[in-house]
Structures are given as structure tokens and as C-alpha cells.
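The values are calculated or read from the model by the stated rules, or taken from the named source; none is laboratory data. Please read these numbers as outputs of a predicted model, since none were measured by experiment. Here Cβ is always computed from backbone atoms with ideal geometry, including for glycine, and neighbour counts include all displayed protein chains.
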Amino acid sequence: MRVHNILIISLVILSGVSCHRLPPLEPYNFVPQTPQNIYPVNDTTDVPVNITFIWSRANVENKEQFRYDLYLKAELPEPELLTSNLVDTLFQYNSLDYHTRYYWKVVARNENGDSSCSQIWSFSTRYGNNNPPNLPNNPKPQNGTNPLSLSQSTLCWSGGDKDSFSVVAYDVYFGPEANSLQLFAENHADTFLTIDNLEFNTQYFWKIVAKDHYGLITVGSVWNFSTESAELLFEDDFDSYPLNGYPETSIWTINKYKASLFITDSISWNNSGKSVCFIDSTENSNCFLASRLPARSSGILNFRWRVTSRHDVFGARFYSQRAQNERLGPQLSIREGQLQYFDANYNWQTVCEIDSNTWYQIRLFYNCPQNFYKIYVNEDLRIEKATWPGSYVPDLDLIYFMTFDNRICQGAFLDEIKFYAGANR
């Protein structure tokens, strides 16, 4: 009986609790934060007439509570309601007028009528009735120019557009084959462009494709020009000089300080002639061999050299008119088993590894107006665009081959120097 009574009392208590449940919580109504306009950006011009308006959410939480009204008006700074009750934060609109200034804003609302408004932004649509860009014309160098100096390596043309509101850019195609021109510059804003890889005695072709920012294109004609031929202006293989003597002093300047420099036939690049030997076995000695070349703003210098030991240091310098730092052009050196060049930032840059007792043919193609040169080693292009430290190098006409103070050179050899350039300075 006692257990039975306890069960009855428990049921009564539970039934009482179940009859007094807590009422459900009312959902919290978030006040919308100020939406931020995103696109079109304020004060933007040249906006397409078919666009998608974009803005930020009024609140990242409970985003389903908010609705958005988009306001838009042409020419008046107080926009009018365009569409309402939007759930998403974007709206595509395809009925804008050309060449018109618009003002827009967004209002965010919740279910209780609370609202917040974005800033009013403006934008202008692009012009209508667009014409294609003008046909590129008036090429410089003129079509068919022959010969063209390598120092005149800037292409020029006339372009533009009939419409003052159009922005025109140019794609420049260039190459040695008329039927396979390569894209050299894309979306180029100017009507001139410098080509920095011209070679002597080569015919080149080029064309201009003009594009406006509406997407219309005008393709120009294919033009051509031919570069000047390279003439051999200086040559010395040292074969005509007496053994153990010196190179001709009317051609070469020779300087020695506790070092040796002489003509030898024990080592030459083709094993049948002579070369110049440099020996500088202490760190407080040096020697050099220098000559004056015909001054040219672009040209090709070939020479052959080798060193006896990995620790030998031997170099070459090329100047404009005077041996001064501001006139220093290409500078190369064999250092610690490497061929290196001295760049515009006064740093040594490695070209390639160098083996002892091995001849290397060096070919330098330089272009002073563009302040760079190419380095070929045994006919292989190793550096496409080497720079030099001199700040005033309008041309090159002075060459030095040398050993250095504070460096040792047990034996370096120089042979077959040739200088090619155009007929005109």
C-alpha cells in the first residue's frame, strides 16, 4: 500500500510540472546595419549600360530577416525607388542610358520596419555609337627602310580614334618572318615602342593592332625594314708580331708594373699562331693592353681568352672615350673559375663556369642607347640583357685587357680580337 501511494504522489507532481511549461522565446529582431555600396564604384565613368549593382549585407547573422530596396535616378542626386523587397545583395539592371550620370543607394529593412540607408553614390555610363579605332598609319621607320641603324630602334606610328571618349591601346607584333609575327607588346598605351633585340643585317616585319575599351579592333598593315650590315672595323690576331715582343704600339698601349706581357706561340687558340700572354704572379703588380676602336653606339666585339689556373683573375673593360668610372661600359672578368660581369648595381654576376687551360670565345653585342649588351660564350647566348655601371656611355671606343692589383694571374692568354659595327657612328 505504501509503494502504491508513493507512485500516485509522483505522478501528481509530474503532471503538475508538465502543465506549467515556460512559454517559447520570441525571436530577436536585429536592427539592420548600414549596407555598403560596392559596385558601381562612386564617381566611376565609362560604366556599361548593362550592369549588376552589388552591396554588402545589413547583418551577417539572421540574414533572412532583411530585405533591400534599390534606389536609382538619372541626373538627380536624390535617387528614386527602382525595385524593392530584394533578398540578395545584388541586382542586375539592363536599361541604363548611354552617356548619363546616375545616383544610387540601398535601403535595408527588417520585419518591424527598422531600416538603414547606404550612402548615395554616383556613376556615369559610357558613350554610345562607338566607332572603331583609326587604322594605324605613318610608320617610322618608314615601310621598306634599308638600311636602318641599330641605334634607331624605336618604332613609331599614328593611331587614335574618331571618338574623343574612346581609350585606345595597341598590340605590337614583331619578328623576322612576315607570316609568323610574335606578340611583342600587349595593350601598349603609347604610339612608340623601343625594340631592344635588333641584329645587324636582318629584315624585320611589324604590325599594329589598335583596340578601344569597347572591344572594337582595327588591324594595321604589315610593315618592314632592314638593319645595317656589320663591317669589320678592327682586327688583330697578334700573328705578325715578333716572339717575346710586344703588340704594335701604334695600335696598342702597353703598361706593366712588376708583371709580364709578351707575344708567345706556345699557346694560341688554333695551335698555329700567336697570342698575348699576361703574367702577374704577385698581388702588388698589374699590367694591361689597351686600344682605341672606331666609336660606335652599337657593335659586336669578339675575342678569345683563357687562364692557366682556377685562381687566376683576368679581365676586360670597355669605355666611352675615356677610362673613367662614369664612362665604363661592359666589364667582364674570369674570377675563381667563373666568367662574371659587373652590372649597373656594382655587383658581379655569374655568366658561366670556366675551366683552366681552355679557350673561350667571347662575343659581346652592345647597344649604348638602350644601356645593355648580350654575352655569348662559344656562340651560345648566356646573358640576354647585361647592364653596365657607367652613367654616361653614348658609345664605346676604348678597350682594356688586364690583370689587377691585389689579385694573381699565373698565366692568361688573349687572341683573335675582332670588332664589327655599322658604317655610321
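In the set Ala323, Ala344, which member is small (Gly, Ala, Ser), closer than 22 Å to Ser153 by Cβ and either part of a loop (DSSP other than H, G, I, E, B) or touching a strand residue (DSSP E or B) at 6+ places or on another chain (Cβ under 6 Å) (or both)?
Only one candidate passes the filter, namely Ala344.
In the range 399-425, which residue that is among the basic types (Lys, Arg) and in a loop (DSSP other than H, G, I, E, B) is surrounded by the fewest Cβ atoms within 10 Å (Cβ to Cβ)?
Kept after step one, since they are among the basic types (Lys, Arg), are these residues of the range 399-425: 407, 418, 425.
This time we only want the ones that are in a loop (DSSP other than H, G, I, E, B), so: 407, 425.
Numbers: Arg407: 18, Arg425: 14.
The residue in question is Arg425.
Which ones in the range 183-233 are within 30 Å of Ile263 (Cβ to Cβ) and in contact with a Pro (Cβ under 7 Å, 6 or more places away or on another chain)? Quick ask: steps written out before the conclusion?
Initial filter on the range 183-233 (within 30 Å of Ile263 (Cβ to Cβ)): 230-233.
Passing the criteria: only Leu233.
Of the residues that make up the range 167-174, is at least one at pLDDT below 95, in the same structural domain as His213 (by TED's automatic domain parsing), closer than 24 Å to Thr45 by Cα and out of contact with any Pro (no Cβ under 6 Å at 6 or more places or on another chain)? Can you show your working first?
First pass over the range 167-174, keeping only residues at pLDDT below 95: 167.
Those still in the list that are in the same structural domain as His213 (by TED's automatic domain parsing) too: 167.
Okay, now just the ones that are also closer than 24 Å to Thr45 by Cα, so 167.
When the remaining residues are screened for being out of contact with any Pro (no Cβ under 6 Å at 6 or more places or on another chain), the result is 167.
Yes, the range 167-174 contains a residue that is at pLDDT below 95, in the same structural domain as His213 (by TED's automatic domain parsing), closer than 24 Å to Thr45 by Cα and out of contact with any Pro (no Cβ under 6 Å at 6 or more places or on another chain).
Among the residues of the range 251-263, which ones are outside any strand (DSSP E or B) and surrounded by 16 or more Cβ atoms within 10 Å (Cβ to Cβ)?
Hit for the range 251-263 is Ala259, nothing else.
For the range 276-323, which residues satisfy the criterion of being touching a helix residue (DSSP H, G or I) at 6+ places or on another chain (Cβ under 8 Å) and closer than 25 Å to Thr350 by Cβ?
Within the range 276-323, Tyr319 is the sole residue that qualifies.
Would you confirm whether any residue within the range 285-303 is in contact with a Lys or Arg (Cβ under 7 Å, 6 or more places away or on another chain), of a type outside the set (S, T, N, Q), closer than 21 Å to Thr358 by Cα and at pLDDT 95 or above?
The answer is no; no qualifying residue exists.
Return yes or no: is Glu177 more than 11 Å from Ile208 (Cβ to Cβ), assigned by TED's automatic domain parsing to the domain that holds Phe205 and assigned to a strand (DSSP E or B)?
no
When you look at Asn357, is it at pLDDT 95 or above and among the polar types (S, T, N, Q), yes or no?
Answer is yes for this residue.
Looking only at residues that are within 22 Å of the chain's Cα centre (by Cα) and of a type in the set (S, T, N, Q) in the range 140-165, which one is modelled with the highest pLDDT?
Checking each candidate, the answer is Thr154.
Evaluate the range 239-250: report whether one residue or more is assigned to a strand (DSSP E or B) and crowded, with 18+ Cβ neighbours inside 10 Å.
We begin by selecting, within the range 239-250, every residue assigned to a strand (DSSP E or B); these are none.
So far as the range 239-250 goes, no, none of its residues is assigned to a strand (DSSP E or B) and crowded, with 18+ Cβ neighbours inside 10 Å.
Filter the range 202-238 down to the residues that are among the aliphatic types (A, V, I, L, M), surrounded by 14 or more Cβ atoms within 10 Å (Cβ to Cβ) and farther than 15 Å from Lys418 by Cα and list them by number.
Listed by number, the residues that qualify are Ile208, Val209, Ala210, Leu216, Val219, Val222.
I want to confirm something. Restricting to the range 264-316 and keeping residues that are in contact with a strand residue (DSSP E or B) (Cβ under 7 Å, 6 or more places away or on another chain), β-branched (Val, Ile, Thr) and outside any strand (DSSP E or B), which single residue is nearest to Tyr373 (Cα to Cα)? Steps first, please.
Of the range 264-316, the ones in contact with a strand residue (DSSP E or B) (Cβ under 7 Å, 6 or more places away or on another chain) are 264, 267-269, 274-281, 285-296, 298-309, 312-316.
So of that shortlist, the ones also β-branched (Val, Ile, Thr) come out as 264, 267, 276, 279, 300, 307-308, 313.
Now narrow it down to the ones that are outside any strand (DSSP E or B): 267, 308, 313.
Values: Ile267: 29, Thr308: 27, Val313: 22 Å.
Once the filter is applied, the top-ranked residue is Val313.
What's the total number of residues in the range 97-113 that are under 46 Å from the mean Cα position of the chain (by Cα) and surrounded by fewer than 18 Cβ atoms within 10 Å (Cβ to Cβ)?
Number satisfying all stated conditions: 5.
Looking at the structure I just gave you, is Leu135 loosely packed, with under 15 Cβ neighbours inside 10 Å and in contact (Cβ under 8 Å) with a residue 60 or more places away in the chain? Even if it seems obvious, please write down each step before you answer.
Values: loosely packed, with under 15 Cβ neighbours inside 10 Å: yes; in contact (Cβ under 8 Å) with a residue 60 or more places away in the chain: yes.
For Leu135, the condition - loosely packed, with under 15 Cβ neighbours inside 10 Å and in contact (Cβ under 8 Å) with a residue 60 or more places away in the chain - is met.
Among the residues of the range 194-213, is there at least one that is in a strand (DSSP E or B), in contact with a Lys or Arg (Cβ under 9 Å, 6 or more places away or on another chain) and not assigned by TED's automatic domain parsing to the domain that holds Phe314?
no
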